[in-house]
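Values quoted throughout were computed directly from the atomic coordinates according to the rules given, and no laboratory measurement underlies them. As the structure is a prediction and not an experimental result, all values here were calculated from the model. For neighbour counting, all protein chains shown are included, and Cβ atoms are generated from backbone atoms with ideal geometry for every residue, glycine included.
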Amino acid sequence: MIVPCFNEGTVIEDVLSSARETFPNIVAVDDGSSDESAAAIHRAGAHLVRHPVNLGQGAAIQTGVEYARTQPGARYFVTFDADGQHQVKDVLAMVERVRAEPVDIVVGTRFGRPRREGDQVPLIKRIVLRTVVMLSPRTRRLGLTDAHNGLRVFNTRVADDLNLRMNGMSHASEFVELMDSRGWRVAEQPVDILYTEYSMSKGQSLLNGINILSDGFVGKRLPR
């Protein structure tokens, strides 16, 4: 499991400790945090990799994957947010699909089933995410409904071929571009996201969604 972390010192220890009850092999990438994130990661017993300066979530994920794929026996990889939004039960279901089905990567989606009373996705969040999907031909071609969900499970084919160049939040759009251009076999898994006051304070605004799209256009011009 790869957990990018930037100034999540108040929650990261609990998030990692809970996840390690099921997935003991976790690498947390401290992306230049100025708080006590690194110490909290160490206390939780996860592998700690540190960026000396903040490079962005995309860079942290790439670093984490590169570290994880060197570990003996690594076969399945998970990207998991540090703020407590993701749930281990969803990871278990997604790992089982990658093991049992002819897919290379399973992406979490907040929109893969009819809305239920307990769903927590705020209205502005739904608007941002739906807009990104609507404006992305690749996302629609792959049949994805929630391309900016940070919960993903993939196999060694994806891990070995992954080369994220967009360091910030726009790495999610680049992930979609790689799924399409590399021919990875893709599936979606409905997941439950836990929105807390803390996690919402770090969420994407509509402006951030526009910035992600702009970065995606820039990324298309970067050499592979």
According to a simple spin-label model (label point 7 Å from Cα along Cα-to-Cβ), what is the distance in nm between Arg97 and Asn25? 2.2 nm
Residues of segment 144-181 with the amide nitrogen closer than 15 Å to a label point 7 Å from the Cα of Glu66, along Cα-to-Cβ, please. 159-168
Summed side-chain charge close to Glu96 - residues other than Glu96 whose Cβ falls under 12 Å, Lys, Arg +1, Asp, Glu -1: +1
For segment 19-33, take each phi angle, set θ = phi - 60°, evaluate the Karplus expression 6.51 cos²θ - 1.76 cosθ + 1.60, and give the result in whole Hz per residue in order, putting x for glycine and proline. 5, 5, 5, 10, 10, x, 9, 10, 10, 9, 9, 7, 8, x, 5
